[in-house]
1. Just how many pairs of Lys in the range 3-161 have C-alpha atoms closer than 26 Å, counting pairs that are eight or more places apart or on different chains?
2. Just check the range 95-175 against the gyration tensor rule for me: Cα atoms, a ≥ b ≥ c as the square roots of the eigenvalues, rounded for a/c under 1.5, and otherwise prolate or oblate depending on whether a/b exceeds b/c.
3. Determine the gain in length on full extension of the stretch Arg6-Arg68; use 0.36 nm per residue of separation and subtract their C-alpha separation, reporting nm with one decimal.
4. For the range 164-242 and the range 11-36, what is the centre-to-centre distance using only Cα atoms, to the nearest Å?
5. Compute the FRET efficiency between Ile27 and Arg111 as 1/(1 + (r/R0)^6), taking r as their Cβ-Cβ distance and R0 = 25 Å, and round to the nearest 0.05.
6. First check a/c for the range 103-254, with a ≥ b ≥ c the square roots of the eigenvalues of its C-alpha gyration tensor; if it is under 1.5, answer rounded, and if not, answer prolate when a/b is larger than b/c or oblate otherwise.
7. Among 69-75, 110-116, 176-182, how do they line up by average Cβ neighbours within 10 Å per residue, starting with the highest?
8. Shape call for the chain from the C-alpha gyration tensor, a ≥ b ≥ c root eigenvalues: rounded (a/c under 1.5), prolate (a/b greater than b/c) or oblate?
Amino acid sequence: MINILRKILILLWRVWFYIILIVPILILFPILLISVAKDSWYPFFFRLARFWARIILFGMGFWPKIERLEKTELGKSYMYIANHTSMADIMLMLHTVRNPFVFVGKQELARFPIFGYFYKQTCILVDRGDPKSRLAVFESAQKRLRQGLSICIFPEGGVPDDTSVVLDSFKDGAFRLAIDHQVPIVPMVFYDNKKRFSYNFFTGSPGVMRVKILPFIETEGKEPGDRRELRDQAFKAIHSELLKDQTTPDAIKG
């Protein structure tokens, strides 16, 4: 009986997520439409997106806790990367990062009503099964970087199907782009998102969502052939943090 009641409460809580995801977009719809009308207005859209992300995070009972081992500079471009385990990763990234950035994300999310429209207008969409799509992603990302924006890529390429996977292997794309444009790579660790709001529907709970921004990985003077070295360096940095967290008493209890 207790287990059934718990599942009902989680179901209602999950439904609430989609309500607070869509309602702010409906309320802000006219302003959002104007903000995506020109590329040069994107920083304004980004501020609205951060506001929307915080409504969802706090509305779901999530409490972000951020530790910054190195700080970004306003007006400078970066390549933001993090482990990917939850839909809440998008909101937590928007809450954490102050510099306007553009997501590189999977095309499937553009199918969501209302949200999908703005996602399609403002993000760089990739169809992982289409080589031409991957080329178009590079061209779009290069355009955004030239405009002085930053890029966010989850280098695993998606959320691992096996929830026991601590960190899936990284793709090269983020590191190639960072080298091409000589922008620093900002590795970030999301410790709690899988536990708080995974893709397993009848799981999750409100609580703290910890983020750690690790020391940046510099790309100045690096060549395209160095991308695998940088990829492995970033993977090791994030993976070791996740493994370390699993062995702490709080993580075991949580």
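The values are calculated or read from the model by the stated rules, or taken from the named source; none is laboratory data. These numbers come from a predicted model, not from an experiment. Counting neighbours? That spans all protein chains shown, and the Cβs are built from the backbone with ideal geometry, glycine included. Please note that ligands, DNA and RNA were not included when accessible areas were found on the heavy atoms of the full protein model with its side chains. Shrake-Rupley method; radii C 1.70, N 1.55, O 1.52, S 1.80 Å.
1. Pairs that pass both the separation and distance tests number 16.
2. Values: a/c = 1.35, a/b = 1.25, b/c = 1.08.
It comes out rounded by the Cα gyration axes.
3. Working: separation 62, 0.36 × 62 = 22.32 nm, distance 3.56 nm.
My answer for the length gained is 18.8 nm.
4. If you average the Cα positions of each part, the centres end up 28 Å apart.
5. Calculated value: 0.65.
6. Taking the square roots of the gyration eigenvalues as a ≥ b ≥ c, the range 103-254 is oblate.
7. Highest to lowest by the protection proxy: 176-182, 110-116, 69-75.
8. On the way: a/c = 1.70, a/b = 1.18, b/c = 1.44.
Judged from the Cα gyration tensor, the chain comes out oblate (a/c at least 1.5, b/c at or above a/b).
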